[in-house]
1. Would you mind telling me the antiparallel percentage of the DSSP bridges in the stretch 1-146, rounded to 5?
2. For an R0 of 35 angstrom, estimate the FRET efficiency from the Cβ-Cβ distance between LYS228 and ASP32 and round to the nearest 0.05.
3. Please report the relative contact order for the chain, taking Cα pairs under 8 Å with a sequence separation of at least 6, and give it as a percent rounded to a whole number.
4. Provide LEU28, LEU47 in ascending order of the number of other Cβ atoms located within 10 Å of each residue's Cβ, fewest first.
5. Would you pull out the residues with amide H under 5 Å of ILE114's amide H, same chain only if 5 or more places away, H placed 1.01 Å from N?
6. With each label point set 7 Å from Cα along the Cα-Cβ vector, what nm distance links ASN339 and ASP253?
7. Modelling each spin label as a point 7 Å along the Cα-to-Cβ direction, I'd like the ASP99/GLU363 distance in nm, to one decimal.
8. Mind grabbing the base-10 log of I(q)/I(0) for the chain at q = 0.09, 0.11 Å⁻¹? Debye formula, identical points on the C-alpha positions, no solvent, two decimal places.
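FYI, it's all coordinate maths here, none of it is from the lab. Keep in mind it's a predicted model, so treat the numbers as computed, not measured. Note that each Cβ is placed from the backbone with ideal geometry, even for glycine, and that neighbours are counted across all protein chains shown.
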Amino acid sequence: MVKVVINECIDYNIENVTNKINSGIELLGGWDSFIKPGMKVLLKVNLIGPKPPESAAVTHCEFVRALTRILKQKGCIVWIGDSAGGAIAGIAPTPQSLDVSGLKKVAGEENAEIKNFDKEGTVDTGENCSFLSRLYLAKPLFDADFIINLPKLKTHSGCIYTGAVKNVFGCIQGLRKAQYHKAAPNPKDFGNILVDIHEATKIGLHIMDGITAMEGEGPTAGSVYPAKKILMSTDPLALDTTAIQMLGLDIKDIPILQAAIGRNLGESDKNNIELCGDYKTPPLLKNYKIPKRFTSKKKSNYKAIVKVIDFLKTKPKINLKKCQKCNTCVDSCPMHAINKETKKIDYTKCIECMCCHELCSFEAVELKRVNPLAGIMTKLYRGNYK
Ligand code: SF4
Ligand code: SF4
């Protein structure tokens, strides 16, 4: 039997959150069975975009504060990291998202280290992927001694639901996310990429922030639902199976999770999941609004998704007038795609991870639209975050 803890937590009061997380972890074997003093523990948050904590779009910063304090008290070094969404629109606004979400402030106050995945280097996880020829992921995932996944309980207008399994998509850096979306526009293939990421990263714990959830047209445009729950498990699929039941749905209703079931990422049979904590059966979230797509008969137009990604595509380009020839970009490019002498980028090698763009101190690496008309759409998109 796989354990999933569901604890009631009425608000983000630090003591409440701390007590509820600690009592849940006790039921999963206790903190000492997961971490030891001196370990570098990465908290992989949900940083979908520049959204404030009260929007319920991102993992709440006070939730992250509680975990940071717990881990610091255990003698761990705490990292808080992600690469923001938005890549389909050709940008990955990770720095703004860290600011607006309150996570940067919390990290500063609690003496944790922010890991902007777009800046920290890339690891080639090899060819053992089900769907892609190669899978490149953010380096902190492999430098950390232990990873805790901190998904947010949310609806998703495209995928219906997003939770522990899907939260790993931010392990892909920058604009590379758009390329993976393009390679796998249909949910089942996309789900295979998610399973590949879980298998490559070996996350040890999943703790879902469901104190405020998002209902309706999530993951950013829905409304706040006070679900008042924290879910915990070592098994992301068992956790999602349980959370989905709380929404009144079945895991079979969620296409992106079918690959996780098929490839035995975890437990999806309710009979093999032992619920513990404050609930012995999944509490139904009454009147929780499911995305319209769930009941819509309209089929997704995957070709259109690919066209949008192509239309909005950007690529890095070095502005030689601004370039100070410091070679930071050359040295940090994981694909050795930048010519040291000419600073020309070999786009046949570039994986659009954005490291060069993020690391240049002189703003000399610019993101250029492949299609100039798309620039107008970027401005509109960015305007949504103001
Ligand atoms: S990091 Fe910036 S300034 Fe330095 S070489 Fe690259 S483009 Fe030029
Ligand atoms: S040139 Fe290198 S560092 Fe820059 S986006 Fe491409 S792969 Fe990443």
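1. Details: 3 of 13 bridges.
If we restrict to bridges inside the stretch 1-146, about 25 percent are antiparallel.
2. Values: r = 28 Å, r/R0 = 0.81.
Working from the Cβ atoms, E equals 0.80.
3. Values: 826 pairs, mean separation 75.0, N = 386.
Over the chain, the number comes to 19 percent.
4. On the way: LEU28 19, LEU47 29.
Sorted ascending by nearby Cβ count, the order is LEU28, LEU47.
5. ILE80
6. 5.6
7. Simple spin-label model gives 1.2 nm for this pair.
8. -0.50, -0.75
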